[in-house]
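Heads up, the thing below is written out as structure tokens.
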Amino acid sequence: MILERKKITDLIKRGAIFYVSHSGGKDSQAMYAALTQLVPDHQIVVVHADLGVVEWDGVQDHIKATIHHSLNVVQAAKTFFDMVEHRARTRPDVPPWPSSSTRQCTSDLKRGLIYKFIRASMKARGATLALNCTGIRAQESSGRARKEPLRLNAVLSKAGREVYEYMPIHHLTSAHVFAIIERAGQVPFHAYRVHRNRLGNDRLSCVFCIMGSANDLRHGARCRPDLYQKYLELEERTGWTMFNGKSLKQRVEGTTARKAA
């Protein structure tokens, strides 16, 4: 079920710690279920990057309900809104919102904090071998399809540490992911479910993610109108739209920007 099984088995025998980066989404949930079938419990550590107000309500409760490990939570001192407003003030000539090519939200609010946690945890355990496990899948995009599912993490592999980036379910489809969750006797996070004949989310990240589909953005606006309004107000304050040439409202409503006369 998981990729690179022979290499992973060897790493398990060497005592590697598997740090499961859990967003609360379907891929994280399936990844955890798959890993627990192979990796001993004492070699698994679960960590979640709390995104604050821009995160879906109930995500952490859902994670805790679907794992049998303690949930370690890390959170940045700054919020997503702080980050955008700071960039707008300090670099007013540059779009302050993250984009597919400049995803500072991922680096500043998630990845950097999880890396810091892994370093501290390995030091406390006296561990020298670890894997940073993520639920990235090839089906999601051409860029993700090109990623190596198991590779050395050069950033973390310092000071006597040997750390790998590992994508256990990189090869699986969404259908496979939902099947794993069902076999585990669980259900996905509520944002994925159909509600009043309306589609739920395709993927889970922030309620309003720069990488989110129009469907996911509309679903977020229906479920969190208060947060939706805050994003619109932030666009107004910064003078920049959330998406390149298109506002969040236009993406949600399916309209296009009007050209200047």
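Counting 0.36 nm for each residue step from Arg183 to Lys78 and taking away their Cα separation leaves a gain of 34.0 nm. Partners of Lys110 within straight-line reach, counting lysines whose Cα lies under 28 Å from its Cα and excluding those fewer than 8 residues away in the same chain: Lys7, Lys26, Lys64, Lys78, Lys123, Lys147, Lys158, Lys230, Lys246, Lys249. With K and R counted +1 and D and E -1, the other residues having a Cβ less than 14 Å from that of His176 yield a net charge of 0. On the beta carbon distance between Thr90 and Arg193, with R0 = 41 Å, the FRET formula returns roughly 0.50. What does the C-alpha gyration tensor say about the overall shape of the chain? Classify as rounded when a/c is under 1.5, otherwise prolate if a/b is larger than b/c, or oblate. Prolate is the answer for the chain, as a/c is 1.5 or above and a/b outweighs b/c.
Between Asp108 and Gln37, the FRET efficiency from the beta-carbon distance, with R0 = 25 Å, is close to 0.15.
Computed from the C-beta positions of Ser100 and Arg125, the FRET efficiency with R₀ = 35 Å rounds to 0.45. Across the range 199-211, coupling constants 3J(HN,Hα) worked out from phi with the 6.51/-1.76/1.60 Karplus curve, θ = phi - 60°, read 5, x, 5, 7, 9, 10, 8, 5, 4, 10, 9, 4, 9 Hz, and Gly and Pro carry x. Cα-based values for the range 188-252, radius of gyration first and Dmax second, are 12.0, 37 Å.
When the chain is fully extended, how far beyond the present Cα-Cα distance does Ala65 get from Thr173, taking 0.36 nm per residue of separation? Show your work: numbers first, answer last.
Details: separation 108, 0.36 × 108 = 38.88 nm, distance 2.39 nm.
Between Ala65 and Thr173, full extension yields an extra 36.5 nm.
Scanning the chain for helices, which whole DSSP H stretches are 18 Å or more long along the axis (Cα) and average -0.5 or more by Kyte-Doolittle?
Helices passing the filter in the chain: 112-125.
Once the Cα-Cα distance is subtracted from the 0.36 nm per residue extended length, the Glu148 to Ile12 segment shows a gain of 47.0 nm. With the cut-off at 1.5 for a/c, could you classify the range 124-186 from its C-alpha gyration tensor as rounded, prolate or oblate? Judged from the Cα gyration tensor, the range 124-186 comes out oblate (a/c at least 1.5, b/c at or above a/b).
Every read-out reported here was derived from the displayed coordinates using simple, explicitly stated rules and does not represent laboratory data. Quick caveat, the model's predicted, so the values are computed rather than measured. Cβ sites come from the backbone with ideal geometry, for glycine too, and all protein chains shown count toward neighbours.
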